[in-house]
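Chemist: Here's a structure for you.
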Amino acid sequence: MKRVMVRYRVKPDQVATNEQLVRDVYAELARRQPDGLRYATFKLDDGVSFVHVAVHADENPLQQVEAFHRFQEGIRDRCDEPPAATVLDEIGSYRFMEELS
């Protein structure tokens, strides 16, 4: 199981574009429902920074998602701070990403 966090900051005039590209990824994921993937995207409180967290097997199912490729195509041009990926080594978690009741 691989856990990865990617953080980046987009140019202020690219926030809406970036958000739409991310929504397109989730729409395709909802249609395709690939197994072996847990994935979440967050916009930070500065309004221009984003964090993506993915948990997947050795082969990342996102690589088979066309909308994810479209999202990646112009990412460096959209960014003030380019994406930085960090592999996460889980020490523990409690109901992480589970809906609260």
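Chemist: State whether one or more residues within segment 7-18 are of a type in the set (F, W, Y) and without any contact (Cβ under 8 Å) to a residue 12 or more places away in the chain.
Modeler: For segment 7-18, residues of a type in the set (F, W, Y) and without any contact (Cβ under 8 Å) to a residue 12 or more places away in the chain: absent.
Chemist: Hey, another quick one. Could you tell me which numbered condition N60 fails, if it satisfies all but one of (1) among the polar types (S, T, N, Q); (2) within 20 Å of E99 (Cβ to Cβ); (3) modelled with pLDDT under 95?
Modeler: Among (1) among the polar types (S, T, N, Q); (2) within 20 Å of E99 (Cβ to Cβ); (3) modelled with pLDDT under 95, the lone unmet condition for N60 is (2).
Chemist: For segment 56-100, enumerate the residues that are of a type outside the set (D, E, K, R), in contact (Cβ under 8 Å) with a residue 12 or more places away in the chain and under 19 Å from G36 (Cα atoms).
Modeler: Matches in segment 56-100: H56, A57, N60, P61, L62, Q64, V65, A67, F68, V87, L88, M97.
The values are calculated or read from the model by the stated rules, or taken from the named source; none is laboratory data. These numbers were taken from a predicted model, which means no experiment stands behind them. Here the Cβ is made from the backbone with ideal geometry for all residues, glycine too, and neighbour counts use every protein chain on show.
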